[in-house]
Amino acid sequence: MEKLFLRLLAFVFAFNLSTKATFGLTLQDFRDVIYRPRNLPGTDTSNVSPETKIIDVVDSLIRLLLFASGSIAVIMLIYGGIRFITSFGNQEARDKAVTIIRWAIIGLLVVILSFAIVTNVINLLFEATT
């Protein structure tokens, strides 16, 4: 087990050293071109209104909550599938796994629908404020 861990660790370090050669992308390129959030120095936020900043923060929090709950629903779906596969004909274990899968699918549908509703409400708010 220790050998496997050390091999994985060596692979991760070797991959990190070769990313520039592989992708042609340095850390500074990533910072300058790809990842440029608005709160980094050098970005112009002087013409952004406080209302827009508040809406952006609320939007980010809502999206984070939806992402987290969707991730949990998918993890529970996988967990239920594993329990279903490993039930080995035990009817009680199979029923519990089916219940987990059913509720995970319902949770995933709720997350998808809430994402659609929140997105539409935010779009309506932006249309109303412009």
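Every number in this text was worked out from the coordinates using simple rules, so none of it is lab data. Because the structure is a prediction, the values reported are computed rather than measured. FYI the Cβ positions are ideal-geometry reconstructions off the backbone, even for glycines, and counts take in every protein chain you see.
Residue check: ILE78 meets all listed conditions (1) surrounded by 11 or more Cβ atoms within 10 Å (Cβ to Cβ); (2) farther than 29 Å from ILE62 by Cα; (3) of a type in the set (Val, Ile, Thr) but one, namely (2). Close Cβ contacts (under 9 Å, 6 or more residues apart or on different chains) running from residues in the stretch 55-76 that are farther than 15 Å from ILE100 by Cα to residues that are basic (Lys, Arg) comprise ASP56/ARG38. Scanning the stretch 81-130 for residues that are within 30 Å of THR52 (Cβ to Cβ) and in contact with a Gly (Cβ under 9 Å, 6 or more places away or on another chain) yields a total of 3.
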